[in-house]
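The values are calculated or read from the model by the stated rules, or taken from the named source; none is laboratory data. None of the values given here were measured: they were computed from a predicted structure. Here Cβ is always computed from backbone atoms with ideal geometry, including for glycine, and neighbour counts include all displayed protein chains. With ligands, DNA and RNA removed, areas are computed over all heavy atoms of the protein, side chains included. Shrake-Rupley method; radii C 1.70, N 1.55, O 1.52, S 1.80 Å.
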Amino acid sequence: MPASNHTPSRRISLRDIAAQAKVSLGSVSSVLNNRQLERRIPPETARKIREVAAKLGYLPNINARRLRNNEQTKNNVIIALVTSFEAPIQLVGHFTRTLQTQILAPRYTLNYTFSLMIEMFTAGKLLELPGLLTGDRFNAAILLNTTAEDDQFLSRTQLPYPAVIVNRLISNLPSVFEERGSGARPAEILVEKKRSHLAVIHGHPLTQSTQNRVESFLHRSAELSGRPAREIIANHLSEEAGYNAMLQYLKTKARCDGLYAVSDALAVGAFRALKEVGQRVPKDVAVIGVGDYEIAPFLEPSLSCVGASQSELAAAASALLFRQLTGKAFSPVISVPILENLRASSGHGPS
C-alpha cells in the first residue's frame, strides 16, 4: 500500500494510531507486536491498525525499548540488512555501501538518525531471527537471499516496520526484482557465438530469481539450438561448489561449449575446473555469469556478465525503503533492467 505524502515532525506513538483507528491502545500494541491471534483480535481490526500505522509513518521505538534516551525530535532508524549465511559476501558489500550513501544524504538526516546493522540467518530459517516480528532490534529492513521456505513464511506475516525484499515477489512486501526472462539473453549470446551444446550451472534449491534465470535459459536454448541445455547442479552458490559441480560434470565426458552460470561465484569455480581438465575459455567453452562483481573484469580471461547489476538492485531497494521511511508514495514492485557486460570469456574481447 502506498504510504502517505508527509514526513512526521515527531515520532508517531501507539496512542496516535489508536486514536485514528478508533481502537484501544492494547489492541494496537498487540497487533504491532504480532500477537493478534493470542489476543483474539479480529483480522479486520488488525488490518485497519496496520494500515493506519503505515499511513502515519509509524516506526517501532527502539530507543524506548532498549536505550531509554532523551531523543525526542528525531526518529531513530536502525536499518537491518537481513541476509543468509550462504549469501555471497560481494552481494552484501554492494548493499552495505549503497545504504551507507543513502544514510548520509542531507535530505534524510534532518528528521532521522540512522544506524546500519547486518543480521544473518540460516537459509530456510528466517522465522527464527530474533526481533524480526517485533521490531525491538531494528525498525527497517532489506531482505536478501531468502529460500522458498522463508518466502512462504513472509507471505503469511506482516512485518511491523518498513521493509523491502530483493529478487523475490511476495504480495505483502515491496520488492525489487530483475527483469523476467533474464536467462534468455545469455542463451542468445552463446548461440550467436556458434555454441550448440549449452549448459547452465546453478545451486540447489532454486530461489525465485535463479529459477527464473534457469527456466528462461533452458527454454531459449532449446528454441535456438534445437536441443535441450544440460543442467549442472551445485550444492550451494560458492566458488567451491561451482568448481566441484563443474569438475564432476566434465568427468562424465558430456559435451559443453557454452556455459551459463547463474552467479559469478559459480562461474569462478567453473573456470578452475575447466582449466584443470585442459578446457580453454572461451575457445573450448564460452562462459557467461551473473552479478558483475568487482573481480569479474580481472579474471583470466575476464568474465562476461549478463543480468541485473547488483549495484542497481541495491540502489533500487534502498530508494524504495527510504520512500517508505519518509512517507512518500511508492510502487510495490520495481523491475531492474538486465545489463550486458560482454568480455573475453564469451569471446567478446582478447582472450
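So which strands (runs of 3 or more DSSP E) are wholly in segment 127-232 and hold at least 2 residues that are of a type in the set (A, V, I, L, M, F, W, C), open to solvent by less than 20 Å² (accessible area, probe 1.4 Å) and in contact with a Cys (Cβ under 8 Å, 6 or more places away or on another chain)?
Details: elements: 140-143, 163-166, 175-178, 198-202.
The strands (runs of 3 or more DSSP E) meeting that bar are 198-202.
Residue-by-condition table, conditions (1) open to solvent by 50 Å² or more (accessible area, probe 1.4 Å); (2) in a helix (DSSP H, G or I); (3) closer than 20 Å to His197 by Cβ:
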| residue | (1), (2), (3) |
| --- | --- |
| Gln248 | yes, yes, yes |
| Val281 | no, no, yes |
| Leu313 | no, yes, no |
| Ala316 | no, yes, no |
| Phe322 | no, yes, no |
Check your understanding: Going through segment 235-246 one residue at a time, which ones are modelled with pLDDT of 95 or more and either among the hydrophobic types (A, V, I, L, M, F, W, C) or in a loop (DSSP other than H, G, I, E, B) (or both)?
Key -> Ala245, Met246
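Yes or no, residue by residue, for (1) under 25 Å from Leu32 (Cβ atoms); (2) among the polar types (S, T, N, Q):
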| position | (1), (2) |
| --- | --- |
| Leu104 | no, no |
| Met117 | yes, no |
| Gly124 | no, no |
| Thr147 | no, yes |
| Asp150 | yes, no |
Revision key, fill the gap. The lone condition Ser335 fails out of (1) touching an Asp or Glu at 6+ places or on another chain (Cβ under 6 Å); (2) more than 20 Å from Gln90 (Cα to Cα); (3) open to solvent by less than 30 Å² (accessible area, probe 1.4 Å) is (3)
Review point. Failed condition for Lys194, given (1) modelled with pLDDT under 95; (2) of a type in the set (D, E, K, R); (3) more than 30 Å from Thr157 (Cβ to Cβ), with all others met?
Key: (1)
Review point. Do we find a residue being open to solvent by less than 100 Å² (accessible area, probe 1.4 Å), at pLDDT below 85, part of a loop (DSSP other than H, G, I, E, B) and in contact with a Gly (Cβ under 7 Å, 6 or more places away or on another chain) anywhere in segment 56-70?
Key: yes
Study note, to complete from the structure: Only one of (1) open to solvent by 10 Å² or more (accessible area, probe 1.4 Å); (2) assigned to a helix (DSSP H, G or I); (3) at pLDDT 85 or above; (4) touching a helix residue (DSSP H, G or I) at 6+ places or on another chain (Cβ under 8 Å) does not apply to Leu99, and that is (1)
Study note, to complete from the structure: The correct count of residues that are open to solvent by 30 Å² or more (accessible area, probe 1.4 Å) and in contact with a Lys or Arg (Cβ under 6 Å, 6 or more places away or on another chain) in segment 283-307 is 0
Exercise for review: Select from segment 256-279 the residues that are open to solvent by 10 Å² or more (accessible area, probe 1.4 Å), part of a helix (DSSP H, G or I) and touching a residue at least 24 places away in the same chain (Cβ under 8 Å) and list them in ascending order.
Suggested key: Val268, Phe271, Arg272, Glu276
Study note, to complete from the structure: Taking first residues from segment 226-255 that are among the basic types (Lys, Arg) and second residues anywhere that are open to solvent by 20 Å² or more (accessible area, probe 1.4 Å), the pairs with Cβ under 6 Å that are 6 or more apart or on different chains are Arg255/His197
Practice item. Could you tell me which residue of segment 7-23 is farthest from Leu325 (Cα to Cα), considering only residues that are at pLDDT below 90, in a loop (DSSP other than H, G, I, E, B) and open to solvent by less than 70 Å² (accessible area, probe 1.4 Å)? Key: Ser13
Exercise for review: Would you please list the contacts, defined by Cβ atoms under 6 Å and residues six or more apart or on different chains, that run from a residue in segment 99-118 that is under 17 Å from Ala163 (Cβ atoms) to a residue that is at pLDDT 75 or above and of a type in the set (Val, Ile, Thr)?
Suggested key: Tyr112/Val77; Phe114/Val77; Phe114/Ile103; Ser115/Ile78; Leu116/Ile79
